Structures are given as structure tokens and as C-alpha cells.
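Scroll down for the structure; my scribbles are underneath it.
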Amino acid sequence: MEDLEDFNHADIYKILEELGHDDIEAEIGPLGIGAEFHKVLTEGQRINAHEFLRWQFTETQGNNAIDFLEPMFERFDVLEHYGNSWKLKVSRDEYSIGYLFGKLEEVKGKFDISEYSITQ
């Protein structure tokens, strides 16, 4: 991969704007998921381009997966999110555990899901 220059504050917001990721942009704040980036940027430092792009990709794919799964359930809560891991709690509804495994196998490539577990 070609070396990228590190990003400054303006670079990051321009990239997110061009990609249409306003939801991710909102997370780069003192209380957001991207608080570490916010701290570095407000200190006038630059962010490693590869690290930022990897984070942006992970957040986007995670949000897309949640947007896909959430309408399937009567209750859907994100209990925890850290790095590239999400812990979700959903209502049982009419789905068997086998159906849920099958559904995740069906969509894991679309959302770049590498690992998952399901418990009842």
C-alpha cells in the first residue's frame, strides 16, 4: 500500500464529508467513540492515516451491520462497543438460535464480520 501522509483536523473532516459519514464525524468529539482522535487533533497534532482509515472503515461497517440487524428485533440494544467489537442484546422474538447463526453467516461478508457469538 502506498504511504499516506498523516491527517490533520481539516483532512479528516474533508474525508468524512466526501464519504457522507456525518454520523462518524459526530463521534470525533470529547465524549464520542473517536475521543482519542479528538484529543490529538485539538492538541494540533496529526493522526496516522492508516489508523484513521481503519477506524473509519470499522465504524462504518459496524454501523451498517447494526442498521441491518436492528429492524429484525422488537428490542435491540448496543450494550458495549470498543474498538472493533460490539456487544448487542436483542429480544428473542420468534427466531431460533440456528436461524440467527444462519443470518449472521449470510451477511458476515457484506459487513466484514470476522468473529461473532450468539447466546440465549
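The values are calculated or read from the model by the stated rules, or taken from the named source; none is laboratory data. These numbers were taken from a predicted model, which means no experiment stands behind them. Backbone-built Cβ (ideal geometry, glycine too); neighbour counts: all protein chains shown.
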**Message:** Anything in segment 41-52 that is assigned to a helix (DSSP H, G or I) and surrounded by fewer than 16 Cβ atoms within 10 Å (Cβ to Cβ)? List them, or say none.
**Reply:** Thr42, His50, Glu51
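Against the definition (more than 18 Å from Thr119 (Cα to Cα), free of Cβ contacts under 8 Å to residues at least 60 places away in the same chain, under 16 Å from the mean Cα position of the chain (by Cα) and surrounded by 12 or more Cβ atoms within 10 Å (Cβ to Cβ)), how does Asn63 come out, yes or no? I'd like the intermediate steps shown before the answer.
Working: more than 18 Å from Thr119 (Cα to Cα): yes; free of Cβ contacts under 8 Å to residues at least 60 places away in the same chain: yes; under 16 Å from the mean Cα position of the chain (by Cα): yes; surrounded by 12 or more Cβ atoms within 10 Å (Cβ to Cβ): yes.
So Asn63 fits the description; yes.
Matching residues to (1) at pLDDT below 95; (2) assigned to a strand (DSSP E or B); (3) of a type in the set (D, E, K, R):
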site: Trp86; (1), (2), (3): yes, yes, no
site: Arg92; (1), (2), (3): yes, no, yes
site: Leu100; (1), (2), (3): yes, no, no
site: Lys103; (1), (2), (3): yes, no, yes
site: Phe111; (1), (2), (3): no, no, no
site: Thr119; (1), (2), (3): yes, no, no
**Request:** Please find, within segment 101-120, the residue that is nearest to Ala35 (Cα to Cα) out of those that are free of Cβ contacts under 8 Å to residues at least 40 places away in the same chain and acidic (Asp, Glu).
**Result:** Glu115
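State whether the residues of segment 45-58 include one that is closer than 20 Å to Thr119 by Cβ, among the aromatic types (Phe, Trp, Tyr) and out of contact with any Lys or Arg (no Cβ under 7 Å at 6 or more places or on another chain).
At the first step, the residues of segment 45-58 found to be closer than 20 Å to Thr119 by Cβ are none.
No, every residue in segment 45-58 fails to be closer than 20 Å to Thr119 by Cβ, among the aromatic types (Phe, Trp, Tyr) and out of contact with any Lys or Arg (no Cβ under 7 Å at 6 or more places or on another chain).
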**Message:** Looking at (1) of a type in the set (D, E, K, R); (2) under 26 Å from Glu115 (Cα atoms); (3) surrounded by 12 or more Cβ atoms within 10 Å (Cβ to Cβ), which one does Asp6 not meet, given that it meets all the others?
**Reply:** (2)
**Prompt:** Across segment 74-100, which residue is nearest to Phe37 (Cα to Cα) among those that are exposed (fewer than 14 other Cβ atoms within 10 Å of the Cβ), touching a residue at least 12 places away in the same chain (Cβ under 8 Å) and not small (Gly, Ala, Ser)?
**Reply:** Val78
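State all residues of segment 12-39 that are buried (at least 16 other Cβ atoms within 10 Å of the Cβ), over 10 Å from the mean Cα position of the chain (by Cα), in a helix (DSSP H, G or I) and without any contact (Cβ under 8 Å) to a residue 40 or more places away in the chain; if no residue qualifies, say none.
Keep residues of segment 12-39 that are buried (at least 16 other Cβ atoms within 10 Å of the Cβ), which gives 12, 15-16, 21, 24-25, 27-28, 33-34, 37-38.
Subset that is over 10 Å from the mean Cα position of the chain (by Cα): 12, 15-16, 21, 25, 27-28, 34, 37-38.
Imposing the further condition that a residue be in a helix (DSSP H, G or I) reduces the set to 12, 15-16, 25, 37-38.
Scanning segment 12-39 gives Glu25, Phe37, His38.
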